[in-house]
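Note sheet for the following structure.
Every number in this text was worked out from the coordinates using simple rules, so none of it is lab data. No experiment lies behind these values; they were computed from the predicted model shown. Reconstructed Cβ throughout: ideal geometry from the backbone, glycine too, with neighbour counts over all protein chains shown.
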Amino acid sequence: MNKKEKQDKLEKLIGQVAKCERCGLHSTRTNTVPGEGNINSKLMFIGEAPGSNEDKQGRPFVGRAGSVLDELLMSIQLKREDVYICNILKCRPPENRNPLNDEISACVGSLDIQIKIIDPNVIATLGNFATMCILKKFDLEPQKISAVSGKVFHIKTPAGPRIIIPLFHPAVVTYNASKMGVLKKDFQVIKSQI
Ligand code: URA
């Protein structure tokens, strides 16, 4: 798919997400947060769901977790504009509660389309929730992030072989600074695979 085709398809998707009422979260959201970044990137980050800052701005990872993510990207000489960033859910769950199964089912179609359009070689999952979801989606055993962070999972897709790398959620650093070291080490794994 060329860049123009990718752009058109993503714009269409963003328009559909903006009007989406497939689950109850549409009634509490301020903005949808479809995702953003370099649509030709071979590296895609998938987080859990927008928080309050993201809901206000309509952009993923713009709060404190986002600053940590920026720092981690910088540690492997990348900038936000070099990668594509999105979430499993495109709307904020009230009080940042965990996503519900019916919300995931309602939203996962948009993520499938994003993955198909961007077609990254490496999908890096951010946090336990996104990791369990994505491992399951690609028919791998869902495992806790503490068991799989920094591991490289090889998957086969109709588009060819691809890689999943689970990571701790950058927000953990905001309440446990020592996790920055683990995350930086795991980002080196990303670097070695792209
Ligand atoms: N946490 C997430 O998982 N996603 C965001 O966009 C922000 C915080």
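Miscellaneous remarks
- Ranked by the mean number of other Cβ atoms within 10 Å of their residues, highest first, the peptides 119-131, 7-19, 24-36, 160-172 fall in the order 119-131, 160-172, 24-36, 7-19.
- Taking other C-beta atoms within 10 angstrom as a stand-in for reagent exposure, E95, E141 fall in the order E95, E141, fewest first.
- The distance between label points at E11 and F138 comes to 3.1 nm (points 7 Å beyond Cα on the Cα→Cβ vector).
- Max mean-square fluctuation residue, GNM over the chain, Cα-Cα springs under 10 Å, options L140, L183, L89: L140
- Reciprocal mean inverse distance between Cα atoms of the stretch 3-193 - Kirkwood radius, Å: 16.6
- Considering only I194, C91, L73, the residue lying farthest towards the positive end of the dipole of the chain is I194, judged by Cα position with unit charges set on Cβ.
- The lysines within cross-link reach of K137, meaning a Cα-to-Cα straight distance under 23 Å and a gap of 8 or more places when in the same chain, are K6, K9, K42, K90, K116, K151, K156.
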